[in-house]
Every structure is written in structure tokens, then in C-alpha cells.
Amino acid sequence: MNLRGAIAILKNELQRFFRTVLGSILSPVLTTSLYIVVFGAAIGGQMDPAQFGGSSYGAFIVPGLIMLTLLSESTSNASFGIYMPKFTGAIYELLSAPVGVAETIIGFVGAAAMKSLIIAVIILATARVFVDYSIAYPLLAMGYIVLVAAAFALFGFILGLWADGFEKLQIVPMLILMPLTFLGGTFYSIEMLAEPWRTVAQFNPIFYLINGLRWTFTGSSDVPIGIAFGFTLAFLVLCIGIIAWIFKTGWRLRE
């Protein structure tokens, strides 16, 4: 493995992030803070904690907001990171360099995942200012957050290879991921829904991700952590397989 090549790509992507660090961090942190203030502090004070497993409403929505940020930032960072070399033509230099699929994934996907993890940590610290929350299983929460960030950075990498215009980079995050996240239990428990919506919600894959992270925070959720972990791991493996196929066939790389 060409570790020097992987580290070079990783450093270049992280440098791009830190050159625009104010805008890259301020927007998601400010948006999440507004959600916490409006829903957690204002509306949450009128909610019955019994509806949320004994947790305050503010503490209940923190994992969902973290997941909302992870999905959008991991996907967007990775898709934009690989799309720009395609757009400028620099992708041909990468393809001709002694850098394999593994090094490329470590560089681009690793940088995108690290960016979203940095933002997630800042949001967790910011949420502490407004909400008194605790993490029941810190190590599991950390591992699960890293797994989700890596899986959706891989997904964003595929999206960046697929896109042939800037507008396509926004289609999946804005029109698919964000609505599914809001409908996946970010602000409510599935137990609060009446049928048939309770059953319909269980077909939303993001519902399992949010509840998996919520379990690591509160110790209770609508689904066991094993199901959420298995689903995320399977999605990660699937994305790796697709990326390997893309580099093997050259699909969208040499067009």
C-alpha cells in the first residue's frame, strides 16, 4: 500500500477544510443550536419525559440532531471532494499515479469522515450549553458515530463519482437524506405515531441509525443497537464493493 499517497490526499483534503473552517463549522453548528433552542429548550419544557424513556425532550433529540449532521456533512464533504478533481480534470493525474483504490478511499473518504466527526464533537459540546444530557455508553457511541461517518462518506464518494454537475451533488443530500432523517424519528419516538404510520416509519433506513445512536446515549430506543449496527456495517461493505467495481471498470472516471 502506498501510504505516502494516501496521506498526501488526506492532508490536501483537510487543508481545504481548514481554509474555510469558519463557514464549514459555523453553518451546521448554528443550525443545530437553533433546533436545540427551539425544540429542546422552548417546546421541550412542555413535554412529558415519560414519553421519551425518562429523558428530557432536549436530551432525546440530541442523538437525532447529531445523526442529521453526520449524514449530511459526511455525504457532502466526500462527494464534493472527489467531484472537483473530475470537474477540473485532475482525476486523470490521480488515475495515472501509483495510488490504488485503498489509498484513494483512505485519502478522500477518511478526510470527509474526519471533517464530519470534528463538527459532531463541536455540536455535542455546544448542545451541553443548552441541554443537560448524558451518554450511557460513551465508547459505543463513539464507535457508532465513527462507523456512520465512514459509511456515509463512502456513500458520498460514490455520489461524487456519479454526479456530472454541481446540481446533482445536492439531489441526494437535500431531497432524500434530509427528509428521511426528519421522518426517521429525529424529533419524536415511533411509539407516538398511530398506525399505519408507525409501520411505515420502520421502512425508513435512517430510523434505525438514529435509534441506534439514541440507544448509546439514553440506554433505550425503539430498536436494539445490534440491528442498527448491523445495518450500518452492511451499508459500509456495500459501498466499498461499489467503489471497487467503479475503479475496476472505470465507470464515470474516464468519461
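Each reported figure results from applying straightforward, stated rules to the coordinates on display, with no laboratory input. Small disclaimer: the values here were computed from a predicted structure and weren't measured. All Cβ positions, glycine included, derive from the backbone under ideal geometry; neighbour counts span all protein chains shown.
When we screen A141, A136, A163 for residues that are touching a residue at least 12 places away in the same chain (Cβ under 8 Å), of a type in the set (G, A, S) and within 21 Å of W245 (Cβ to Cβ), the only hit is A163.
Just to be sure before I move on: is E73 closer than 30 Å to G160 by Cβ, touching a Ser or Thr at 6+ places or on another chain (Cβ under 6 Å) and surrounded by 14 or more Cβ atoms within 10 Å (Cβ to Cβ) in the structure I sent? Against the criterion (closer than 30 Å to G160 by Cβ, touching a Ser or Thr at 6+ places or on another chain (Cβ under 6 Å) and surrounded by 14 or more Cβ atoms within 10 Å (Cβ to Cβ)), E73 qualifies.
Looking only at the range 172-205, how many residues end up being among the hydrophobic types (A, V, I, L, M, F, W, C), within 30 Å of F87 (Cα to Cα) and either touching a Pro at 6+ places or on another chain (Cβ under 6 Å) or surrounded by 14 or more Cβ atoms within 10 Å (Cβ to Cβ) (or both)?
Going residue by residue through the range 172-205, those that are among the hydrophobic types (A, V, I, L, M, F, W, C) are 172, 174-178, 180, 182-183, 187, 190, 192-194, 197, 200-201, 203.
From what's left, within 30 Å of F87 (Cα to Cα): 172, 174-178, 180.
Next, only the ones that are either touching a Pro at 6+ places or on another chain (Cβ under 6 Å) or surrounded by 14 or more Cβ atoms within 10 Å (Cβ to Cβ) (or both) stay: 172, 177-178, 180.
Residues flagged as among the hydrophobic types (A, V, I, L, M, F, W, C), within 30 Å of F87 (Cα to Cα) and either touching a Pro at 6+ places or on another chain (Cβ under 6 Å) or surrounded by 14 or more Cβ atoms within 10 Å (Cβ to Cβ) (or both) within the range 172-205 amount to 4.
For the residues G23, G54, G64, the requirement of being surrounded by fewer than 14 Cβ atoms within 10 Å (Cβ to Cβ) and under 23 Å from Y208 (Cβ atoms) singles out G54. Just one of (1) within 24 Å of P49 (Cβ to Cβ); (2) assigned to a helix (DSSP H, G or I); (3) not basic (K, R) fails for G185. It is (2).
Residue-level analysis places I225 outside the set of residues that are within 19 Å of the chain's Cα centre (by Cα), farther than 18 Å from F60 by Cβ and surrounded by 13 or more Cβ atoms within 10 Å (Cβ to Cβ). None of G143, G184, G160 is within 24 Å of A102 (Cβ to Cβ) and under 15 Å from the mean Cα position of the chain (by Cα) except G143.
Which of the residues belonging to the range 1-45 are farther than 25 Å from A111 by Cα and aromatic (F, W, Y)?
Filtering the range 1-45 down to residues farther than 25 Å from A111 by Cα leaves 34-45.
Result: Y35, F39.
Here W251 clears all of (1) more than 30 Å from G100 (Cα to Cα); (2) touching a helix residue (DSSP H, G or I) at 6+ places or on another chain (Cβ under 9 Å); (3) of a type outside the set (S, T, Y) except the condition numbered (1).
Report the residue count in the range 104-133 for those that are exposed (fewer than 15 other Cβ atoms within 10 Å of the Cβ) and under 21 Å from the mean Cα position of the chain (by Cα). Walk me through it before giving the result.
Within the range 104-133, the first condition is being exposed (fewer than 15 other Cβ atoms within 10 Å of the Cβ), and the residues that meet it are 121, 125, 128-129, 132.
Keeping just the survivors that are under 21 Å from the mean Cα position of the chain (by Cα) gives 121, 125, 128.
Final tally of qualifying residues: 3.
V101 - would you say it is farther than 20 Å from A141 by Cα, touching a helix residue (DSSP H, G or I) at 6+ places or on another chain (Cβ under 6 Å) and surrounded by fewer than 17 Cβ atoms within 10 Å (Cβ to Cβ)? Here the answer is yes, as V101 does meet what is asked.
A single member of S79, S56, S96 is more than 23 Å from F166 (Cα to Cα) and either touching a Phe, Trp or Tyr at 6+ places or on another chain (Cβ under 9 Å) or of a type in the set (D, E) (or both), and it is S56.
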